[in-house]
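Step one of this worksheet: look at the structure below.
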Amino acid sequence: MKKKDFILIAVILALALAGLFFIRTRKHEEGRYAVVYIDGEEFGKYDLEVPQEIVIETDRGYNKIVIENGAVRMEEADCPDLICVHHKSISYDKESIICLPHRLVVEVTGGEESGIDAVTY
Amino acid sequence: MTRKITITALFVALAMVLSYVEALIPFNFGIPGVKLGLANLVVVTALYVLDAKTAFAVSVIRIILISVTFGNIAALVYSLAGGILSYFVMLAISRIKGFSPVGVSVAGGVSHNLGQLIAAMLVIESLSLSYYLPVLMIAGVITGLLIGLVAKPVIAAMSEYMGREK
Ligand SMILES: [Zn+2]
């Protein structure tokens, strides 16, 4: 290995660690809603306080989303990789679960819209 | 000409074997659309032993053949995005003085993951995947490093063999 190889590796690792640090130190605020996007379009918005099951069937396939105890998870899916199903449940603002084969994103958003949270904090 | 086609075919076949081996390893980044990229070993070697055009052909042909053979057409767009981006990055780095095949391979590994992630972000039209970026960069460095260290003696041996044949 040559000197420039080491420099390249060091630069990439430094950038990656800076990125990790940035992600870790973000404020972890509890989210209020789970928003489902399909093909980048908003499909529906669901209150995390309300336990529910959302079944989505598109021509790409089937996903079952479950909201329970203020968190959302992918309960079932018929996608080939099942990465979405194995993903841990999410409840913090801006966390997301992605089902790439079905082009589906579940994202938690904060409670800005309600206006009440700002006062209760 | 025939000799060149034969060598290209050999490289493609080798890349396919490596992709198959990779598919057998139960290793998952847990990140949509992202794989290890062992077949990059062949592309790195091709860049040094063959010419740039042939290396590009090897890279693209193996990706298409693997997608068709293993029936993963859906993942073709991600593989192509990763493969093509990493090819051009590796070509550029290999032309710069002072980099060994290890540096080229690391740049290739990182850009391979980057290309796949960008394609996936475009497909789902969401930036939420960008949170995987740091982990993917680190993973790219590790696989690139391993592949580069293996590629070095392979390139040396191949160059010697090719030189003798001529
Ligand atoms: Zn899925």
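The values are calculated or read from the model by the stated rules, or taken from the named source; none is laboratory data. Keep in mind that this is a model prediction, so the values were computed, not measured. Using ideal geometry, Cβ is built from the backbone for each residue, glycine included, and neighbour counts are taken over all protein chains shown. When the accessible area is computed, the model is the full protein with side chains, heavy atoms only, and any ligands, DNA or RNA have been set aside. Shrake-Rupley method; radii C 1.70, N 1.55, O 1.52, S 1.80 Å.
What the table below lists for this structure:
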quantity: Most to least accessible of B:Y20, A:Y92 (protein chains only, probe 1.4 Å); calculated: B:Y20, A:Y92
quantity: Rounded percent of accessible protein surface that carbon and sulfur make up, chain B, 1.4 Å probe; calculated: 73
quantity: Helical contribution to [θ] at 222 nm, DSSP H n ≥ 4, -39,500 (n - 2.57), averaged over chain A, rounded to 500; calculated: -7500 deg cm²/dmol
quantity: Charge tally in the Cβ shell below 13 Å around B:G144, where Lys, Arg are +1 and Asp, Glu are -1, B:G144 excluded; calculated: 0
quantity: Cα-based Rg / Dmax (Å) for segment B:2-165; calculated: 15.3, 53
quantity: Exposure of A:H28 as accessible area (Å², to 10), given a probe of 1.4 Å and all protein chains; calculated: 110
quantity: Globularity index of chain A, i.e. its alpha-carbon radius of gyration over 2.2 N^0.38 Å; calculated: 1.33
quantity: Unmatched cysteines, the protein assembly as shown - criterion: no other Cβ of a Cys under 4.7 angstrom; calculated: A:C79
quantity: Segment B:109-120 - phi-based ³J(HN,Hα) in whole Hz, Karplus 6.51/-1.76/1.60, Gly and Pro as x; calculated: x, 5, 6, 4, 5, 4, x, 5, 5, 4, 4, 5
quantity: Protein-only accessible surface order, largest first, of A:D78, A:D39 at 1.4 Å; calculated: A:D78, A:D39
quantity: Radius ratio Rg over Rh of the protein assembly as shown, counting only Cα atoms, Kirkwood formula for Rh; calculated: 1.06
quantity: Positive dipole terminus of the protein assembly as shown, leading residue within B:A74, B:M90, A:Y62 (C-beta point charges); calculated: B:M90
